[in-house]
Amino acid sequence: MTEALTSAIESETGRLAEITDLVERFHAVRKFRQALADGDRGGKALERAVVNELKKDRPWREVGELLGVSGSRAEQIAKGRGPLRHDAESTPHAGAAEGHSPDTSTPDQP
């Protein structure tokens, strides 16, 4: 990510945090996040196009080597697939905001 983009995102995040009306802040943050998601989709489409262009005369293994990923990951990118879950995108467990630990125990079976 470029410094200018990082700076713009940080600046907008700060501006959003200063909106005093909570409902207005919620809607502004939602609009901001949608704009980021739209940009991310556009970026992923560009990645796919690059990978598909590289693939025209190369095996997946070589495409992966050029990009610093495995051949199978390069193929996933070309097909628009990704890892099942990214840590940055994962949803916190219920109660996380209140400081509760996740309940990972299995309920007793009768």
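The values are calculated or read from the model by the stated rules, or taken from the named source; none is laboratory data. Nothing here was measured: the structure is a model prediction, and the numbers come from that model. Methodologically, a virtual Cβ is constructed for each residue, glycine included, from the backbone with ideal geometry; neighbour enumeration extends over all protein chains shown. Ligands, DNA and RNA are excluded from the accessible area calculation, which covers all protein heavy atoms including side chains. Shrake-Rupley method; radii C 1.70, N 1.55, O 1.52, S 1.80 Å.
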Leaving out ligands, DNA and RNA but keeping every protein chain, what accessible area does Glu47 have, in Å² rounded to the nearest 10, with a 1.4 Å probe?
-> 100 Å²
Scoring only Lys, Arg, Asp and Glu (+1, +1, -1, -1) among other residues with Cβ under 12 Å from the Cβ of Leu16 yields 0
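What is the extension gain from Thr2 to His27, computed as 0.36 nm multiplied by their sequence separation minus the C-alpha to C-alpha distance, in nm to one decimal?
Stretched out fully, the Thr2 to His27 stretch lengthens by 6.3 nm.
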Lysines within cross-link reach of Lys55: Cα-Cα under 28 Å, excluding same-chain residues under 8 positions apart?
-> Lys44, Lys79
Quick one: net charge around Ala35, please, counting Lys, Arg +1 and Asp, Glu -1 for every other residue with C-beta under 14 Å from its C-beta.
-> +2
May I ask for the net charge around Lys55, where only other residues with Cβ less than 12 Å from the Cβ of Lys55 are counted and Lys, Arg are +1 while Asp, Glu are -1?
-> +1
